[in-house]
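Report on the structure given below.
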Amino acid sequence: MPENYHNHYRSTYSKWVDIFFGNNANELSKINYKTLGRLLWFYRKENELTLSELGEMLELNGSTISRYEKAIREPSIDFIFKFCSLLNLDVSNFLEQSR
């Protein structure tokens with residue numbers, strides 16, 4: 001993990017809270033989970049991670065992440081937040097891309 005992981009985590013969390021508990025509380029309902037799955041796959045591949053490796057990092061089974069990527073199952077906002085934090089992605093931008 002990067003040295004500034006905790007600062008990044010706090011910053012990302014603040015943005016997440018603003019998105020979901022601020023004026024944009026309904027943003028989660030606008031997510032296209034098929035697009036979100038493609039984004040999960042893209043960023044995982046871009047970071048050269050296998051399903052197993054990413055699963056270990058996020059304390060999930062790789063098959064669960066595969067289901068998210070294939071839009072068979074909808075990931076929780078907690079998973080999206082952790083995924084973005086781990087890969088240093090801006091949560092609000094990631095969610096905007098997944099519409």
field: Segment Y33-S63, length gained on full extension (0.36 nm per residue, minus Cα span)
entry: 9.1 nm
task: Could you check how much of the accessible area of region 26-99 is carbon and sulfur, as a whole percent, using a 1.4 Å probe?
output: 46
- request: Give the peptides 90-96, 73-79 in descending order of average Cβ contacts within 10 Å, highest first.
  value: 90-96, 73-79
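The values are calculated or read from the model by the stated rules, or taken from the named source; none is laboratory data. Since we're looking at a predicted model, the values are computed, not measured. Note that each Cβ is placed from the backbone with ideal geometry, even for glycine, and that neighbours are counted across all protein chains shown. Ligands, DNA and RNA are stripped out before the accessible areas are found, and what is left, the full protein with its side chains, is counted by its heavy atoms. Shrake-Rupley method; radii C 1.70, N 1.55, O 1.52, S 1.80 Å.
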